[in-house]
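Structure first, then comments.
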Amino acid sequence: MLNQKDLSSLLKGEVVDHYLLIRKFEVRLTRQNKQYLNMELGDRSETLNANMFDNFEEICNSFKNGNLVKVNGVIDDYQGSKQLRVASIKAVDPSENVSIYDFLPKSLRNTDEMKEEFLRRIDSLSDYYLKTLMKKIFVGERFEKFLTAPAGKSWHHGYIHGLIEHTLEIIKICDLMCDIHPELNRDLLISGAMMHDFGKTEELKYDGVFEYTDKGKLIGHIVISAMIINDEANKIHSFPEDLKNCLLHIILSHQGKLEYASPVVPKTLEAIALYQADELSAKVNAYKNALSTQIKVESKWTNFLNLASTDLFNHGITPELEEQINKTLFD
């Protein structure tokens, strides 16, 4: 493990002498038409905008996204946003024994606990066909990839083990909705929750900088998930066609709108329930992450978030107070 402070803990004026991961870099021009190097450098806690104004030509020729580097510089801010001013940067030698996995953000939840919880959810299914289907899909290498994958590049659950964390959140929300609305088919909805983002195990690569695979760009996780369901269901003798179609519909409509890349809009109770559960899990996680990483210097407000179409306010109410405030009829 690295023995260095997290970037997120460093304040303006503090010296940076860190191993960091290059997540993005490009040459830009100042207003005076002078070239400078703009980068996104990060550890597992935070990614910062970083600029280098001199002696960067060699870097451009030898570095690429996903490289590990040793950086010297200082924490600065620009228009209220925290950034890193780089003095020097060099490639990491293999003898320094620094692993790229030390720089990938990871879920705070225990992976073994999430795995056990997920398997219990499969065992709790009562429908023979859906339970058999889930057990055929969540096994072996495919299940291991599901346990490891992020749920996205950056916006929500964008960290190792983020996909199973996100999936379990949705399962819990859907389970609660079934208690409130017994008309919902619990097994169908929970199976849809389990499979809705399964295709991200093939859509994303996460052995360094999180990026889309060729298959992910060409097909997308929604269709990948649907293809896996269709293939595996067809191997189960007498799998009901209506049941398969309803499960496929949940997957194909789970992003809610055609303009959000769903091939169809939700047209069943289970489909609309999953869409809203997915939205709730994703948005709360994304906003929570933004409040911890995008707060302006000496402010309670984040930077403007394009994906949220707003900035966010950190009200500062402590968790102890929230325990009293957030009592509901389900407690």
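The values are calculated or read from the model by the stated rules, or taken from the named source; none is laboratory data. Predicted, not measured: the structure shown is a model, and the values here were computed from it. Glycine gets a Cβ as well: all are built from the backbone with ideal geometry, and neighbour counts include every protein chain shown.
Considering Lys145, Lys131, which residue is charged (D, E, K, R), without any contact (Cβ under 8 Å) to a residue 60 or more places away in the chain and in contact with a helix residue (DSSP H, G or I) (Cβ under 6 Å, 6 or more places away or on another chain)?
Every option except Lys145 fails the conditions.
Table: residues versus (1) crowded, with 17+ Cβ neighbours inside 10 Å; (2) touching a His at 6+ places or on another chain (Cβ under 6 Å); (3) outside the structural domain of Met194 (by TED's automatic domain parsing).
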position: Asp242; (1), (2), (3): no, no, no
position: Cys246; (1), (2), (3): yes, no, no
position: Ile250; (1), (2), (3): yes, no, no
position: Ala261; (1), (2), (3): no, no, no
position: Ala277; (1), (2), (3): yes, no, no
position: Val284; (1), (2), (3): no, no, no
position: Leu305; (1), (2), (3): no, no, yes
position: Ala308; (1), (2), (3): no, no, yes
position: Leu312; (1), (2), (3): yes, no, yes
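Can Val98 be described as surrounded by fewer than 20 Cβ atoms within 10 Å (Cβ to Cβ), touching a residue at least 40 places away in the same chain (Cβ under 8 Å) and part of a strand (DSSP E or B)? Step through it out loud before you land on a result.
Working: surrounded by fewer than 20 Cβ atoms within 10 Å (Cβ to Cβ): yes; touching a residue at least 40 places away in the same chain (Cβ under 8 Å): yes; part of a strand (DSSP E or B): no.
For Val98, the condition - surrounded by fewer than 20 Cβ atoms within 10 Å (Cβ to Cβ), touching a residue at least 40 places away in the same chain (Cβ under 8 Å) and part of a strand (DSSP E or B) - is not met.
Among the residues of segment 119-139, the ones that are within 21 Å of Met227 (Cβ to Cβ), buried (at least 16 other Cβ atoms within 10 Å of the Cβ) and of a type in the set (A, V, I, L, M, F, W, C) come to 6 in all. Could you tell me whether segment 106-115 includes any residue that is assigned to a loop (DSSP other than H, G, I, E, B) and within 15 Å of Arg23 (Cα to Cα)? No, segment 106-115 has no match at all. May I ask you to list the residues in segment 43-55 that are over 15 Å from Leu11 (Cα atoms) and at pLDDT 80 or above? Passing the criteria: Asp43, Arg44, Asn51, Met52, Phe53, Asp54. Considering (1) touching a residue at least 40 places away in the same chain (Cβ under 8 Å); (2) at positive phi; (3) not hydrophobic (A, V, I, L, M, F, W, C), the lone condition that Asp77 does not fulfil carries the number (2).
Against the numbered list (1) among the basic types (Lys, Arg); (2) free of Cβ contacts under 8 Å to residues at least 60 places away in the same chain; (3) under 24 Å from Tyr159 (Cα atoms), Lys106 comes up short only at (2). For segment 137-172, a residue qualifies if it is out of contact with any strand residue (DSSP E or B) (no Cβ under 8 Å at 6 or more places or on another chain), assigned to a loop (DSSP other than H, G, I, E, B) and either modelled with pLDDT of 95 or more or charged (D, E, K, R) (or both), and the qualifying residues are Phe138, Val139. With respect to Val209, determine if the residue is in contact (Cβ under 8 Å) with a residue 12 or more places away in the chain and surrounded by fewer than 18 Cβ atoms within 10 Å (Cβ to Cβ). Criteria not met by Val209.
Taken across segment 140-159, residues that are under 19 Å from Glu203 (Cα atoms), acidic (Asp, Glu) and surrounded by 17 or more Cβ atoms within 10 Å (Cβ to Cβ) do not occur at all.
Give Leu269, Leu243, Leu247, Leu274 a once-over and let me know the one that is more than 23 Å from Lys153 (Cα to Cα) and touching a Gly at 6+ places or on another chain (Cβ under 8 Å).
On the way: Leu269 fails: touching a Gly at 6+ places or on another chain (Cβ under 8 Å); Leu243 fails: touching a Gly at 6+ places or on another chain (Cβ under 8 Å); Leu274 fails: more than 23 Å from Lys153 (Cα to Cα).
The unique qualifying residue is Leu247.
Name the single residue that is nearest to Pro182 (Cα to Cα) among those in segment 248-289 being β-branched (Val, Ile, Thr) and outside any helix (DSSP H, G or I). Please lay out each step first, then the result.
Step one: of segment 248-289, the residues β-branched (Val, Ile, Thr) are 250-251, 264-265, 268, 272, 284.
So of that shortlist, the ones also outside any helix (DSSP H, G or I) come out as 264-265, 268.
On the way: Val264: 25, Val265: 23, Thr268: 14 Å.
Looking at the filtered set, the residue picked out is Thr268.
Remark: pairs (first residue in segment 31-44, over 18 Å from Val16 (Cα atoms) and in contact (Cβ under 8 Å) with a residue 12 or more places away in the chain; second residue surrounded by 14 or more Cβ atoms within 10 Å (Cβ to Cβ) and not aromatic (Phe, Trp, Tyr); Cβ separation under 9 Å; 6+ apart in sequence or on different chains) = Tyr36/Asn51; Tyr36/Met52. Can you name every residue in segment 262-289 that is in contact (Cβ under 8 Å) with a residue 24 or more places away in the chain and of a type in the set (Lys, Arg)? Within segment 262-289, just Lys283 meets the criteria. Residues in segment 197-241 that are farther than 20 Å from Lys135 by Cα and among the acidic types (Asp, Glu): Glu203, Asp207, Glu211, Asp214.
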